[in-house]
Amino acid sequence: MTVQALLLAANAVAFPLLLWRGRRADRLATLAILAGAAVSHLVSGLRWNGVYAGLFAADVLLFVSLWIAAERGGRWWIVAAAGFQLIGTLGHLAPLLAQERLVWAHFTLMWAVWALISVTAFFGVWEVEADRRYALEGRHGAEMVDGGGAGAAAAVE
């Protein structure tokens, strides 16, 4: 099984779960990732001066949309996905910094970013379910106690 097939299979599991169980921010981020992949495929042939300008533009748009979703959604998996997307977006600038063209390094970086975003989607599924569980516990006498510390914990009083 190739890496591409493995990533597509993982995405075929994680993304529908996020669309089904997630909140609005989870759904919008998932749709942005799917749209980013589709747009990247459509504009992959657009080049300017040896730089993949179409892919760069698609990656910038995906990063901005994930950043906005992360700012408004309050989900850590979206923050991580936006960070990984930023790394991939900045990778487009590598050919401008080197004498030789770093095409294979660039595409390897793109695969790594896609793999990290795929893994992050599974953390998103976990985060959605954990959020639902804590909300359910709150209805049965438990409440979230943050105590001003770094992490919140459920308490029953």
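The values are calculated or read from the model by the stated rules, or taken from the named source; none is laboratory data. The structure displayed is predicted, hence computed values, not measured ones. In this analysis, Cβ positions are derived from the backbone assuming ideal geometry, glycine residues included, and neighbour counts consider all displayed protein chains. For accessibility, only protein heavy atoms count, side chains too; no ligands or nucleic acids. Shrake-Rupley method; radii C 1.70, N 1.55, O 1.52, S 1.80 Å.
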Original post:
Accessible surface of Val39 in the full protein assembly, 1.4 angstrom probe, to the nearest 10 Å²?
Top reply: 60
Original post:
Taking the Cα atoms of the stretch 5-104, what is the range of coordinates along each of the three principal axes, in descending order and whole Å?
Top reply: 47, 29, 19
Original post:
For Ala57 and Leu7 in one chain, what is 0.36 nm times their gap in residues minus the Cα-Cα distance, to one decimal in nm?
Top reply: 15.7 nm
Original post:
With all protein chains present and a 1.4 Å probe, how do Phe122, Phe84 order by accessible area, largest first?
Top reply: Phe122, Phe84
**OP:** DSSP loop (so not H, G, I, E, B), at most 16 other Cβ within 10 Å: list which trypsin sites (Lys or Arg not before Pro) in the stretch 1-81 pass both filters.
**Re:** Arg23, Arg47
